[in-house]
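To start, the structure under review is shown below, and the notes come after it.
The values are calculated or read from the model by the stated rules, or taken from the named source; none is laboratory data. These numbers were taken from a predicted model, which means no experiment stands behind them. Note: ideal-geometry Cβ built from the backbone for every residue, glycine included; neighbour counts use all protein chains shown. Surface accessibility is based on the protein's heavy atoms, side chains included, excluding ligands, DNA and RNA. Shrake-Rupley method; radii C 1.70, N 1.55, O 1.52, S 1.80 Å.
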Amino acid sequence: MSSENFDEILTLIKEDITKTDTNYREAISAEERLAVTLRFLATGDSFSTIGHSFRIGFETVSAIVTEVCQAICRRMENIYLPEPTRAIWEKSAKGFEDIWRFPNCIGSIDGKHVTIKCPNKTGSQHFCYLHNHVLIGDEAFALKPYLMRPFPYRQSKIDTRKEHYNMRLCKARRVVENAFGILVQKWRIFFRPIATKTHRTNLVKKVSLDSYKVIPDEQQTWHLASENNLLIFLI
């Protein structure tokens, strides 16, 4: 992350995370609070490791991460994840047709399994059981009037039209797969099980999406086709 990106986020949330000094101690600055949170998101390090690095208490790290994540969601969600409008849908459809030759498509959907350390006494609650215009998805999604998926292989291998359709659909679906790949590379906390409480894990997922567009990537234009405003769903 560049200093400009850091300052951009800080400007948006500084008012929410700034604390007042007391007669007993100086408050941890807003800059350091944001740095602690970004370190957690970018590395997935434990609160104890981060606490040793910044010389602050482990419980303080936990509180800071939660508070800063809430501030980022509150201030950045409407800016970087606005509610889609008709104009956005139409622009997205045009991008899918112009780039991927897939007409009448307004988005590509997929799922990202976020690994967590299962909370105690939750049973199978957190177990993963996944081994006109339309959305497109892979074989994991059921065929719906609004959702197109590939034809089964046994059908496409004997029908060139279905095979050609599957090829077009798979190419168009790349945008969401590339989006998840870039997301994980930016926030490497997703490389390991997240050992936090469930509500904090949900905050981490939300913050990673809210700040997704703030941090540039050298290959982001090609992967996301952002210049053509393709709409990508991160479910």
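Answer yes if at least one residue in region 82-90 is among the hydroxyl-bearing types (Ser, Thr, Tyr), modelled with pLDDT under 90 and exposed (fewer than 14 other Cβ atoms within 10 Å of the Cβ), and no otherwise. Scanning region 82-90 turns up at least one residue that is among the hydroxyl-bearing types (Ser, Thr, Tyr), modelled with pLDDT under 90 and exposed (fewer than 14 other Cβ atoms within 10 Å of the Cβ). Residues that are open to solvent by 20 Å² or more (accessible area, probe 1.4 Å), among the charged types (D, E, K, R) and farther than 20 Å from Leu38 by Cβ within region 164-196 comprise Arg168, Lys171, Arg174, Glu177, listed in sequence order. Taking region 152-235 as the region of interest, the helices (runs of 4 or more DSSP H) fully inside it that hold 3 or more residues being closer than 29 Å to Phe47 by Cβ and modelled with pLDDT of 75 or more are 160-186, 198-210.
Taking each residue of region 14-30 that is farther than 24 Å from Met76 by Cα and looking for partners that are open to solvent by 70 Å² or more (accessible area, probe 1.4 Å) with beta-carbon atoms closer than 7 Å, six or more apart or interchain, yields Ala27/Lys19; Ala27/Thr20; Ala27/Asp21. Name the residue, out of Cys105, Cys73, Cys69, that is touching a Leu at 6+ places or on another chain (Cβ under 6 Å) and surrounded by 14 or more Cβ atoms within 10 Å (Cβ to Cβ). Being touching a Leu at 6+ places or on another chain (Cβ under 6 Å) and surrounded by 14 or more Cβ atoms within 10 Å (Cβ to Cβ) holds for just one of Cys105, Cys73, Cys69, which is Cys69.
Each residue in region 141-163 was checked for being over 23 Å from Asp98 (Cβ atoms) and open to solvent by less than 90 Å² (accessible area, probe 1.4 Å), and 8 of them qualify. When region 18-54 is filtered for residues that are in a loop (DSSP other than H, G, I, E, B) and open to solvent by 40 Å² or more (accessible area, probe 1.4 Å), the ones remaining, listed by number, are Thr18, Lys19, Thr20, Asp21, Thr22, Asn23, Tyr24, Arg25, Glu26, Ser29, Ser46. When Glu15 is tested against (1) farther than 21 Å from Lys186 by Cβ; (2) within 25 Å of the chain's Cα centre (by Cα); (3) surrounded by 18 or more Cβ atoms within 10 Å (Cβ to Cβ), just one condition goes unmet, and that condition is (3).
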